[in-house]
1. For the interface of chains A and B, what total accessible area is buried with a 1.4 Å probe, rounded to the nearest 100 Å²?
2. In whole Hz, what ³J(HN,Hα) sequence does the range A:3-10 give by Karplus (6.51, -1.76, 1.60; θ = phi - 60°), x for Gly and Pro?
3. In nanometres, what is the gap between the two model label sites at A:ARG58 and B:MET1, each 7 Å from Cα along Cα-to-Cβ?
4. Net charge near B:LYS61, counting Lys/Arg +1 and Asp/Glu -1 over other residues with Cβ under 14 Å of its Cβ?
5. With +1 on each Lys and Arg Cβ and -1 on each Asp and Glu Cβ, how big is the dipole of the range B:5-109 about its Cα centre, in debye rounded to the nearest 20?
6. Go ahead and set up a Gaussian network model of chain B, Cα springs under 10 Å, then flag whichever of B:VAL273, B:VAL248, B:VAL302 fluctuates most.
7. Read phi for every residue in the range B:61-77 and hand back ³J(HN,Hα) as whole Hz from Karplus 6.51 cos²θ - 1.76 cosθ + 1.60, θ = phi - 60°, with x for Gly and Pro.
8. Under 16 Å from a point 7 Å along the Cα-to-Cβ line of A:ASP46: which residues of the range A:9-29 have their amide N that close?
Amino acid sequence: MADGRPIAPGLFDVDAGEPRLIAAECVACGRRQFPAAAVCPYCAADGTREIRVGPAGRLELYTMVLRAPPGYRGPVPYALGIVALDGGLSVVARLTETDATRLRPGLPVELVVEPLFTDDAGQRVVSYAFRAAAA
Amino acid sequence: MRPVYITGVGLHPFGRFPDLGLTALGVEAVRAALRDAGLGRGGFQAAFCGTVYGGVAAGHKVLTALGLSGVPIVNVEAGCASGGAALALGAGAVASGGADAVLVFGLEKMPRGMIRSSFFESWREEAGLAATPAYFALRAQRLMLDGDVTLEDLARVSVKNHRHGVANPHAMYRRAVSLEEVLASPVVCEPLRLLMLCAPNEGAAAVVLSARPAAPAIRVAAAVLRSHVAGSVLGEHTPLSGLTDERVPTPTEMAARAAYDDAGVGPRDLDVVEVQDTDSGREILSVEELGLCPPGGGGRWVRDGGGELGSRQPVNASGGLLARGEPLGASALAQIVELTWQLRGAAGSRQVPHARTALAHTVGRGANACAVILAR
Ligand SMILES: [Zn+2]
């Protein structure tokens, strides 16, 4: 993982150099959610198991954010999209691409964990995002 | 359950009013509605106030200023559907016999610029996930990919609602815009242009509900609130969680289905409709979800002149949020005020002839959706 403090605990980790999102799979119905939580939002079962998803995904939808939204501390413009991962899970995520002409629905993408901003204490903060997959 | 009637309506116009406080906006709307209903102190047994940004006891402050406190006053937050949620609670109180008359009002002074919402945890804000217009843009892109909606269709919705707004003295924007002008306005989040998005603003609206009709008798035939169920990644609940897309019913579809059942009418029976048009893609989606056109037929609906004043079923004759602007707590009740005027035949130059059945729809953060059917 890139050096720095994760933007929030429990969202992602890096296994043998490969970043993964930490999701949850329901022990009753098998459906998945990200971020991981203890209760299944589909069937209300109290019991999920933590799983790792990614890094490969497929871009479903995207748009460009031109001005910093409230509280955002990274660079603008940036792309925001919905990425489909294994097992039917789709997540909302920032995309590293700043040129919309290089994005299209269906584009293969891969998860990255990288510095996003430096916090008030001078510490680098790392977050997850997706980039176009290497050809 | 007893029938519930609308006996009074009132508005403070929507716009920006730097010299007026939030309470003053509410006072004007409530006064107008009570005057319209011929009610004074003691005339209603409960009050429900919709607001999102109004802070602690916003409704209490309005009724205190009018010397009308003493009854139960409930402040209701349900995002863009806050006023609809307040109306549903008020209608339930009258229908159950718990009150003979209730006051329902909504008020808001929205912050300026891209609005900070406590809906988002701070890490989501820091990560850039609190970009609300971006979610509207993703939804519009999905409409364009899944259906036959074009960029021009999105612009046509804005042209229609702005044209309608010209005739509404209570709207914020009362200027017609051309298709070219909408398309040439600055891109906010591709594909949405500035003139395809409603502006957050200020205003108030109030409605008196009663077990006894006024003349003409306008009945609340249904007032239904629903929230989302898990199973879609993109909606007014996004980004609560990454999820699978399972084609579950949306809050609007659930609320509409229940409202049609309660009222014993279908979408074809509606003479005039107000729908949530936070952005022009939202109007197309709302129209599809409410069954006003076939599923996936929203693009054709727009191109065929659907929803125009003068068509079979005008949508957003008031100008909608695109022309009126959106004060969250008040917008749903301003729809009810508009539709009450329409059913009374008192809507002036935007009157829909012979309107007898009307539907109001709001949907927003939560997610919450509200569908209200009025019948004369
Ligand atoms: Zn489950």
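1. On the way: alone 7450 and 14510 Å², together 19090 Å².
Accessible area lost upon association: around 2900 Å².
2. Calculated HN-Hα couplings, in order: 4, x, 8, x, 4, 7, x, x Hz.
3. 4.4
4. Details: positive: B:LYS109; negative: B:GLU28, B:GLU108.
Residues close to B:LYS61 contribute a combined charge of -1.
5. Working: 6 positive and 6 negative charges, 31 e Å.
In total the dipole reaches around 140 debye.
6. Of the options given, B:VAL248 has the highest mean-square fluctuation.
7. Result, ordered by residue: 5, 5, 6, 5, 4, 9, x, 10, 6, x, 8, x, 10, 10, 8, 10, 10 Hz.
8. A:27-28
The values are calculated or read from the model by the stated rules, or taken from the named source; none is laboratory data. Nothing here was measured: the structure is a model prediction, and the numbers come from that model. Virtual Cβ from ideal backbone geometry, glycine too; neighbours counted across all protein chains shown. Surface accessibility is based on the protein's heavy atoms, side chains included, excluding ligands, DNA and RNA. Shrake-Rupley method; radii C 1.70, N 1.55, O 1.52, S 1.80 Å.
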